[in-house]
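Visitor: Here it is: the structure, laid out below.
Values quoted throughout were computed directly from the atomic coordinates according to the rules given, and no laboratory measurement underlies them. None of the values given here were measured: they were computed from a predicted structure. Here the Cβ positions follow ideal geometry from the backbone for every residue, glycine too, while neighbour counts run over all protein chains shown.
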Amino acid sequence: MATPKSDPQTPARAPLALVVVAALAVAVPAAVLGGAVAAPVPGLPDPGALVRWGVVLVRVVHDLAAALTVGLLVLAAFIVPESHSTSRRLTATRWAAVSATVWAVAGLVGLVFSFADLAGVRVSDPGFGEELQTFVFSIDVLRAAAISIGLVLVVATGAALARTRAAMVALALLSLLAVLPLALAGHAAGSTDHDTAVNSLGAHLVGAVLWVGGLLGLVVLRPLLGRALPVSVRRYSTLAGWCFATVAVSGALNAWLRVGSLSGLASTYGALVIGKTVALVLLGLAGWQQRRRVVGRLGADPAASGLFARLALGELVVMGAAFGLATALSRSAPPVPQAAEGNVSPALSLTGYPAPPMPVAPDAWLTVWRVEWLWLSLALVAVGLYLAGVVRLRRRGDRWPLGRTVLWVSGWLVFLYCTQGAPMVYGMVLFSAHMTYHMVVSMAVPILLVLGAPVTLALRALPARPDKTLGPRELLLGLVHSRYLGVLGNPVVAAAIFFGSLVLFYFTPLFELSLRTHTGHVLMTVHFLLAGYLFAWVLVGVDPGPRRWPPSMRLLVLFATISFHAFFGVALTTGSTLLAPDFFHQLHLLGGEQLLADQRNGGAIAWAVGELPTLILALLVAAAWVRSDTAEATRRDRQADRDDDAELKAYNARLAAASAAHSRSARPGTTAPAPEPAAEPDPAAPTQGD
């Protein structure tokens, strides 16, 4: 691919070949060691050597192409500085289009091979294509792969056409989204601890492609970066640190689910895990060397550029080997069975967890817990970043209200109780507990978080970028002042989203989908947390954003929304139709009448739990109203002090003049002045017809 004439240099291709060779050189023997390519025992269907080897080799190319695509787009969107020409960003984006095409083709070939492997048929068998079309969307693993391929095709097309930074940002985010469905494949799809397996694998994949792809993209683009190399490496180094922590923690959690105990490390699967651990340690040491010896010297010492290239190439070789080990691991049988053995209860079959103790004891609301690593990690990161921002402000002498910090931390503690405690555990099998979970997450938690003013803190604590690139602060500023948020920030729109999504969710198949699938449950929680946050923010938020409506209008929107919310609770309380009946009947925890009674209790909870947050919101809006009136009165007093109360004097003078005119007209014996007689026309004046 040729670059623009303004820059005669071209990206480096050798690192790509080096990484692919390293990955294949490790993947092939690891797959043989793990039995991933061995022929099945006689009597079992054999898809053939082409499929057995093809799944492994194509997966290596697929994963490396995914990493390069994500890395190049992230570099173009967030890391590489602007130049007088846009050749750097455009070259990165066009190369991403090529790698995304390879990603999509490898994904499609891998999907065909995966179906042949699952079905135990050869791709050359008659009727293979027809069977593939019939069952591709019926099998979870293949459906997830097909969704990922569709997203990648959009990324490839967009990267071939994109020219603006905004388009590159959208493509970078979409490429990361295309990685997530892959977490539903492999061992995670059949794990007994399905939710934790999917969450940890999803985080592991995102961290890995950002880490590996970012470094690979930097090395490929190095001939083009020139003076932009030091700042690009420094920014990538910060990202790499986060990725290393994500990969390490999620990898350890995922490996423990597969290995089960230290004795499991003695298995072939355990040996591959040890190999990945060694690679991770080596990469951590190499990254530390980069930060210690290279990052600070790149701008001043020309020799540091060569040192960076040598260390980066060494890292990429290890990363390629780690990708090869990961491919072999995904095709190897772990020591811990990934499917429940023996008699499986209906609750375990439907939700992935055994049923909690029934009936619900009063103390269960405090004693029943289950760790959900996704929400725990989210809360810890949110609190940690907030506190880091507060510390940064105080170190430079700025103050931050303690009350806001307390509110932010309290909001996440309440969120953790809902997502780790009884509301979540019982909410997976009881409608009333589910409604408790929903109401607290969408109504109580957002108020606390909004009052913490996280956007204001971030804008004060995050450094600005002077080179027109999009750092965290620039992204946040662009979001809060965007037209998109201007529309969503309209109180009527926010209220419609808050209430409309509530009705749409419960009275459509979306509710049952959230009960049966982990992905549906995660999306439900994210949506209602964000919808509640938006609604609370337009009413009582203090962070910058679209122009606020007057408090009186906000109160009107609040009362109208809560009135509709009350109707929703009444509809559930008095309803005679069970929501998600197939799911709750299959659980066999409550009878038909008990299920309907529990649903009616959930309606009462929806009605009652909404009252306290509504009262708090109303009081906060009323307090804002009082503060607004007080501020306006103070402003008028200061204006009067400056101009000797000119406005009041002018107003009194107008009143006095009006009163005097009225007195003269009402005095007895006086009449209004007669109008002057009209002037006689001049005979010499021309008329209209002249």
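Visitor: Would you mind checking the tilt of helix 491-506 against the longest principal axis of the Cα atoms of the chain, expressed as 0 to 90 degrees and rounded to 10?
Guide: 40
Visitor: So if the hydrodynamic radius of segment 75-229 is defined as the Kirkwood radius over C-alpha pairs, what does Stokes-Einstein give as its diffusion coefficient at 20 °C and 1.002 mPa s, in µm² per second?
Guide: 125
Visitor: Using per-residue counts of other Cβ atoms within 10 Å, averaged over each peptide, order 252-264, 358-370 from highest down.
Guide: Ranked by mean Cβ neighbours within 10 Å, highest first: 252-264, 358-370.
Visitor: Using alpha carbons only, how many angstrom separate the centre of segment 222-237 from the centre of segment 42-68?
Guide: Between the Cα centres of segment 222-237 and segment 42-68 lies a distance of 36 Å.
Visitor: Turning to a different aspect of this structure: Assuming 0.36 nm per residue, please report the length gained on full extension of the stretch Ala657 to Asp543 beyond their Cα-Cα distance.
Guide: Additional length available on full extension: 36.3 nm.
Visitor: What is the percent of Cα-Cα separations in segment 219-304 that go past 18 Å?
Guide: Result: 55 percent of Cα pairs exceed 18 Å.
Visitor: What FRET efficiency comes out for Arg483 versus Asp398 if R0 is 30 angstrom and r is the Cβ-Cβ distance? Round to the nearest 0.05.
Guide: Computed FRET efficiency for Arg483 and Asp398 comes out at 0.45.
Visitor: Starting from the alpha-carbon convex hull of the chain, give the projected area averaged over all orientations, in nm².
Guide: Taking the Cα atoms of the chain, their convex hull projects to 54.3 nm² on average.
Visitor: Listing Asp117, Asp467, Asp46 from the residue with the fewest other Cβ atoms within 10 Å to the one with the most, what is the order?
Guide: So the ranking, lowest neighbour count to highest, is Asp467, Asp46, Asp117.
Visitor: Add +1 for every Lys or Arg and -1 for every Asp or Glu among the other residues with Cβ under 13 Å from the Cβ of Thr525, and state the total.
Guide: Net charge in that neighbourhood comes out at -2.
Visitor: If I model a spin label at Ala25 and Glu593 as a point 7 Å from the Cα along the Cα→Cβ vector, what separation in nanometres do I get?
Guide: 7.4
Visitor: Using the eigenvalues of the Cα gyration tensor, what equivalent ellipsoid semi-axes result for segment 207-260 when each is taken as the square root of five times the eigenvalue, whole Å, largest first?
Guide: 30, 10, 4
Visitor: Could I ask something else about it? Could you put Val155, Val231 in order, starting from the residue whose Cβ has the fewest other Cβ atoms within 10 Å?
Guide: Ordered from fewest to most neighbouring Cβ atoms within 10 Å, Val155, Val231 come out as Val231, Val155.
Visitor: Continuing with the same structure: Mean residue ellipticity at 222 nm from the helices of the chain, using -39,500 (n - 2.57) per DSSP H segment of n ≥ 4 over the full residue count, to the nearest 500 deg cm²/dmol?
Guide: -23500 deg cm²/dmol
Visitor: Write down the radius of gyration of segment 153-272 and its Dmax, each obtained from C-alpha positions, in Å.
Guide: When restricted to the Cα atoms of segment 153-272, Rg and Dmax are 17.6, 54 Å.
Visitor: Stick to the Cα atoms of segment 123-185, pair each with every other, and give me the Kirkwood hydrodynamic radius in Å at one decimal.
Guide: Taking every pair of different Cα atoms in segment 123-185, averaging 1/r and inverting gives 13.3 Å.
Visitor: Using only the Cα atoms of segment 354-457, construct the convex hull and provide its projected area averaged over every direction, in square nanometres to one decimal.
Guide: If you wrap the Cα atoms of segment 354-457 in a convex hull and average its projections, you get 7.2 nm².
Visitor: Another one. Starting from 0.36 nm per residue, how many nanometres of slack lie between Arg465 and Met553 once their C-alpha separation is accounted for?
Guide: Contour length minus Cα-Cα distance gives 27.9 nm.
Visitor: Taking just the C-alpha trace of segment 356-637, give me its Rg and Dmax in Å.
Guide: 20.5, 70
Visitor: Here is a further query. Give, as a single signed number, the net charge of other residues whose beta carbon lies under 12 Å from the beta carbon of Ala326, with Lys and Arg counted +1 and Asp and Glu -1.
Guide: +2
Visitor: For segment 522-603, what is the Kirkwood hydrodynamic radius in Å, using each pair of distinct C-alpha atoms?
Guide: Evaluated on segment 522-603, it is 15.7 Å.
Visitor: Also, I was wondering about something else. Using only the alpha carbons, work out the radius of gyration and Dmax of segment 60-108 in angstrom.
Guide: Radius of gyration, then largest Cα-Cα span, for segment 60-108: 11.7, 39 Å.
Visitor: So for segment 21-330, what are the equivalent ellipsoid semi-axes in whole Å, largest first, each being the square root of 5 times an eigenvalue of the Cα gyration tensor?
Guide: 34, 24, 16
Visitor: Roughly what would the spin-label model give for Val278 and Thr367, points 7 Å off Cα along C-beta, in nm?
Guide: Placing both labels 7 Å beyond Cα along the Cβ direction yields 4.9 nm.
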